[in-house]
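The values are calculated or read from the model by the stated rules, or taken from the named source; none is laboratory data. These figures come from a predicted structure and were not determined experimentally. Reconstructed Cβ throughout: ideal geometry from the backbone, glycine too, with neighbour counts over all protein chains shown.
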Amino acid sequence: MYVWPCAVVLAQYLWFHRGSLPGKAVLEIGAGVSLPGIVAAKCGAEVTLSDSSELPHCLEICRQSCQMNHLPQVHVVGLTWGHVSRDLLALPPQDIILASDVFFEPEDFEDILTTVYFLMQKNPKVKLWSTYQVRSADWSLEALLYKWDMKCVHIPLESFGADKDDIAESALPGRHTVEMLVVSFAKDNLNYT
Ligand SMILES: C[S@@+](CC[C@H](N)C(=O)[O-])C[C@H]1O[C@@H](n2cnc3c(N)ncnc32)[C@H](O)[C@@H]1O
């Protein structure tokens, strides 16, 4: 029920790349209030929002965000990281997976990457666009990405106008250190957007 600073930065990245979004299949995981997914839908992407199937109130928040933004075409599904559910199996191939502030609990990292890996099997060209908040210097994704045959590139915030204290009139990111990553299947050719 809170828009995290990472969501504002990821929304800014989507806005910066809005020209590439129409018609793209975009899935947001751990969506919560769903700001990035809503921006993607407003820019013409075919969006599915998801949050944990065990947290129905979070799924209700996703639905309310769609209603408030007049986006009845956006699907909302329960996807718990690391679970191969009927809803995950039923998803069509995705072009972009959005993940804002989902890498905060190291014990969840492998579950998140398992879900991403599953979607990479459906479309090896799918990209994970993710923002995370630097809360600890102790953890790293590198070893897990290697294990799951993925590679990642850090995108400098200044390259998409997100290095300011205020982004789109939101002061949220200014007080936090947020990083932007694009993760792809290691065997796919490099193309970050
Ligand atoms: C820090 S919040 C970020 C919310 C939103 N993406 C944002 O940036 O504003 C983390 C989100 O992950 C969801 N989440 C937590 N554990 C999950 C799990 N195991 N599977 C799927 N979603 C989960 C929470 O319900 C919550 O919406």
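Here's the yes/no breakdown for (1) in a helix (DSSP H, G or I); (2) among the charged types (D, E, K, R):
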site: His57; (1), (2): yes, no
site: Cys66; (1), (2): yes, no
site: Val84; (1), (2): no, no
site: Phe103; (1), (2): no, no
site: Asp108; (1), (2): yes, yes
site: Phe118; (1), (2): yes, no
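For region 114-138, how many residues are more than 15 Å from the ligand (Cβ to nearest atom) and either hydrophobic (A, V, I, L, M, F, W, C) or touching a Gly at 6+ places or on another chain (Cβ under 6 Å) (or both)?
Total satisfying the criteria: 3.
Just the residues that are touching a Ser or Thr at 6+ places or on another chain (Cβ under 6 Å) and on the phi < 0 side of the Ramachandran plot, please, taken from region 62-109.
If the condition is that a residue be touching a Ser or Thr at 6+ places or on another chain (Cβ under 6 Å) and on the phi < 0 side of the Ramachandran plot, then Cys62, Ser65, His75, Val77, Gly78, Leu79, Thr80, Trp81, Ala99, Ser100 are the ones that fit.
Quick test for you: out of Cys43, Cys66, Cys62, pick the one residue that is out of contact with any strand residue (DSSP E or B) (no Cβ under 8 Å at 6 or more places or on another chain), farther than 15 Å from Ile97 by Cα and touching a residue at least 12 places away in the same chain (Cβ under 8 Å).
Cys43
Take the conditions surrounded by 15 or more Cβ atoms within 10 Å (Cβ to Cβ), within 12 Å of the ligand (Cβ to nearest atom) and either among the charged types (D, E, K, R) or not in a loop (DSSP other than H, G, I, E, B) (or both) and apply them to Val3. Does it pass?
no
Considering only residues that are away from the ligand (no atom under 14 Å from the Cβ) and either under 16 Å from the mean Cα position of the chain (by Cα) or not aliphatic (A, V, I, L, M) (or both), which ones fall in region 43-75?
Once the filter is applied, which keeps residues that are away from the ligand (no atom under 14 Å from the Cβ) and either under 16 Å from the mean Cα position of the chain (by Cα) or not aliphatic (A, V, I, L, M) (or both), region 43-75 yields Cys43, Gly44, Ala45, Glu46, Cys66, Gln67, Asn69, His70, Pro72, Gln73, Val74, His75.
Per-residue answers, yes or no, for (1) surrounded by fewer than 20 Cβ atoms within 10 Å (Cβ to Cβ); (2) of a type in the set (A, V, I, L, M, F, W, C); (3) within 18 Å of the chain's Cα centre (by Cα):
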{"site": "Gln94", "(1), (2), (3)": "no, no, yes"}
{"site": "Ile112", "(1), (2), (3)": "no, yes, yes"}
{"site": "Thr115", "(1), (2), (3)": "no, no, yes"}
{"site": "Asp138", "(1), (2), (3)": "yes, no, no"}
{"site": "Ser159", "(1), (2), (3)": "yes, no, no"}
{"site": "Ala162", "(1), (2), (3)": "no, yes, yes"}
{"site": "Ala168", "(1), (2), (3)": "yes, yes, no"}
{"site": "Thr177", "(1), (2), (3)": "yes, no, yes"}
{"site": "Ser184", "(1), (2), (3)": "no, no, yes"}
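Hey, does region 159-168 have a residue that's within 15 Å of the ligand (Cβ to nearest atom) and part of a loop (DSSP other than H, G, I, E, B)? Before you say what the answer is, go through the steps one by one.
If we filter region 159-168 for residues that are within 15 Å of the ligand (Cβ to nearest atom), which is where we start, we get 162, 167-168.
Next cut, part of a loop (DSSP other than H, G, I, E, B) only: 162, 168.
Yes.
Between Asp111, Asp95, Asp101, Asp87, which is among the acidic types (Asp, Glu), away from the ligand (no atom under 13 Å from the Cβ) and touching a residue at least 24 places away in the same chain (Cβ under 8 Å)? Steps first, answer last, please.
On the way: Asp111 fails: away from the ligand (no atom under 13 Å from the Cβ); Asp101 fails: away from the ligand (no atom under 13 Å from the Cβ); Asp87 fails: away from the ligand (no atom under 13 Å from the Cβ).
Being among the acidic types (Asp, Glu), away from the ligand (no atom under 13 Å from the Cβ) and touching a residue at least 24 places away in the same chain (Cβ under 8 Å) holds for just one of Asp111, Asp95, Asp101, Asp87, which is Asp95.
Pull out all pairs, ordered by first then second residue, where Cβ-Cβ is under 7 Å, the residues are six or more apart or on different chains, the first lies in region 7-19 and is in contact (Cβ under 8 Å) with a residue 40 or more places away in the chain, and the second is of a type in the set (Asp, Glu) and surrounded by fewer than 24 Cβ atoms within 10 Å (Cβ to Cβ).
Ala7/Asp101
Please determine whether any residue of region 20-35 is away from the ligand (no atom under 15 Å from the Cβ), surrounded by fewer than 16 Cβ atoms within 10 Å (Cβ to Cβ) and free of Cβ contacts under 8 Å to residues at least 60 places away in the same chain.
yes
What are the pairs with Cβ atoms under 6 angstrom where one residue, in region 126-145, is of a type in the set (A, V, I, L, M) and the other, located anywhere, is at pLDDT below 90? Sequence gap at least six, or different chains.
What qualifies is Val134/Thr177.
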